[in-house]
1. Arrange ILE649, ILE162 by Cβ neighbour counts within 10 Å, fewest through most, would you?
2. When DSSP beta bridges are limited to those with both residues in region 230-430, what percentage is antiparallel, rounded to the nearest 5?
3. Here are some pairs, LYS243/LYS326; LYS243/LYS286; LYS455/LYS491; LYS47/LYS97; LYS572/LYS606; LYS243/LYS572; which of them have Cα atoms lying more than 19 Å apart in this structure?
4. Would you give the gap between the C-alpha center of region 332-380 and the C-alpha center of region 171-248, rounded to a whole Å?
5. Would you tally the net charge around ALA161, using a Cβ to Cβ cut-off of less than 14 Å, leaving ALA161 out, and scoring K and R as +1, D and E as -1?
6. Over the chain, what is the relative contact order in percent, taking alpha-carbon pairs closer than 8 angstrom and at least six residues apart?
7. Principal axis extents for the chain, Cα atoms only, whole Å, descending order, please.
8. Can you put CYS46, CYS443, CYS471 in order of Cβ neighbours within 10 angstrom, beginning with the fewest?
Amino acid sequence: MDIRSLKGVGDKTAALFEKLHIFTAEDLVRYYPRDYEQFSEPVALCKAQPEELVTVEGVLAGNVATRHVRGLSITGFQVSCEGGVLHLTYFNMPYLKNSLKRGVPYFFRGRLHRGKERFSMEQAKIYKPEEYAKLVDCMQPRYAITKGLTNNAVTKAVRQAIGLVTFDEETLPEKIRIAEGFVSLSEAVSQMHFPVDRQTLVEARKRLVFDEFFQFILAVRKLKEAGEREKNTYPMIEVAQTKRLIEALPYRLTGAQERVWSEIRADLCGESVMNRLIQGDVGSGKTILAFLALIMCVANGYQGAMMAPTEVLARQHYESLLALKKKYGLEIAPVLLTGSVTAKDRKEIYAKIESGEADIILGTHALIQEKVVYKNLALVITDEQHRFGVRQREKLAEKGGAVHVLVMSATPIPRTLAIILYGDLHISVLDELPADRLPIKNCVVNTNYRNTAYKFIEKEVAAGSQVYVICPMVEEGESQELEGVGTYAKKLQGALPSSVRVAALHGRMRPAEKTRIMEAFEAHNIDVLVSTTVIEVGINVPNATVMLIENAERFGLAQLHQLRGRVGRGDKQSYCIFISSSDKTETMERLKILNESNDGFVIAGKDLALRGPGDLFGIRQSGALQFVLGDIYQDAAILQRASDWADRILSEDPELLQKEHEGLNRCLTKKLAADGNEVDFRSI
């Protein structure tokens, strides 16, 4: 049912929904809230907890004033509340001066800050008393939205869609539903959007997370079966070129690198096609192993391809490989193929690939487009963001038969979970960093430290270094208590000297714009890059020495560690500042784990131990292996149960042909036939 069939959704609104990949009513009901607002009775200002999201009632006390700082309008005023005076600040909302009336009570909802002499809020949401009364004790869904689409519009459309979409087929076998005590699929979907209470939400989410993990694991098991049947049609032998390069490098491979390299060589020379994952922290030396595999492939007379998640990183890999070729006289002919290559150059590159003149092809997803014809492609190396789905493997099979696949991952996942999640791959772990790597210096602080952090950033920029600032949210209006990247960048520009060049970056920008900004940062035409986690992968800037992460409590420890890995890549001392907007003891203690270790696997293990089902939406998971609802740390117990059931079902009915598995079989066949990533069932 087309999204336009819903009342109030015309062509213009439908176009906005399509930006969120919502085309039908069913897409919409599967577009779950990212969190919920829970409204409680207003509290007296003197009794409110600082750094918590609270609601207070107040009336204007004085004038509403607006000033302008470098293109940013800042509106400020005071309100008298029970228990004191509250100072409020708003960015780019000058209209408040005319919309707020003297003597009229309003409810102000936001994160409360308590300074030495005053209470304050920034970007607090304003309600009339009658509006707020309707919200008290309710759990209101909050959806990820795009510019032009309001949360209220999505909520209304979802209410309609739930009444129209029917879930006729239960994909989960009845014995699992009964044994696990799961609610029905239709009830789970409905309660995810509009839960009666928290417990109802927990039960609904548990059912849907299990479905997501269960179907994912079954698909992985099927892929593993297919992979184990594939014979090595590109057998290789060990070559002198890789040995000479290893001996000539200005550094020694770590013991972990030597171990993993021997595993890769054994795969390439073995009887079955390689399907291997290299897990290792940022900076552990995955890239040189990838280059060695490509050189071995070429020396055996084949072509190899390496896919990167961004054009910037693809170009960096290309330039690094060219530098190795020039310095060590390597007999390789690499080319770079990305979406921004001109039509004329692309035609020439296609010809070189087809003739075999180009033997190492680096790039983005452009590598598997239909027009790319390989002479004898034998090896594909890919970042986990682009793990190949079945359809993509079929495309590669058409180009080069059963190719060897090497996946590189910087996501620190405890081995017990990795075995489940990467069940179709053999796992190699790089658990050692080069000896000359300077450890990053870390500090975990609250928001009172922010101005001190800005002064430190100013000092580092003056010394010639560059800085990342990470914000969790994409745009203003997504969440009232968290600043958008654009607004934060303007605010930071006002706090730093005019000579400091600040730019903003987020995932909803057009690819060409993202590439332009990342290239400008790499070229040091930008000093401070304010970004969402889009920079978690895809850029290598050794000159960046400071990482400041706002609202650090919103992220899992594993992802914070990955973000931290963007700095410390050069020979300068690097620093990471984690700013928490919560002063809760347990929050600060959790974040301080990052002070104690720079080992991603140690941190991931502690993250796993600390996370539980209690905090459903407060902590964001790592960007890799991102499921629609499930979180591999928070929901580790559900993941394990789903794995156990998948093993049991497949042992009883390997082909899923029994009547009770018909719905599951149809669903799984549909997923495996889709063009998406094999690890990315976002339509589940």
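Read the figures in this text as sums done on the coordinates, not as results from a lab. Quick caveat: nothing in here was measured; it's all calculated off a predicted structure. In this analysis, Cβ positions are derived from the backbone assuming ideal geometry, glycine residues included, and neighbour counts consider all displayed protein chains.
1. Lowest count first: ILE162, ILE649.
2. 5 percent
3. Pairs exceeding the cut-off: LYS47/LYS97; LYS572/LYS606; LYS243/LYS572.
4. Here the answer is 32 Å between Cα centres.
5. On the way: positive: ARG4, LYS7, ARG30, LYS156, ARG159; negative: ASP2, GLU26, ASP27.
Result for the local shell: +2.
6. On the way: 1246 pairs, mean separation 93.9, N = 684.
Relative contact order of the chain: 14 percent.
7. Computed over the Cα atoms, the extents are 84, 68, 48 Å.
8. Fewest to most other Cβ atoms nearby, the residues stand as CYS46, CYS443, CYS471.
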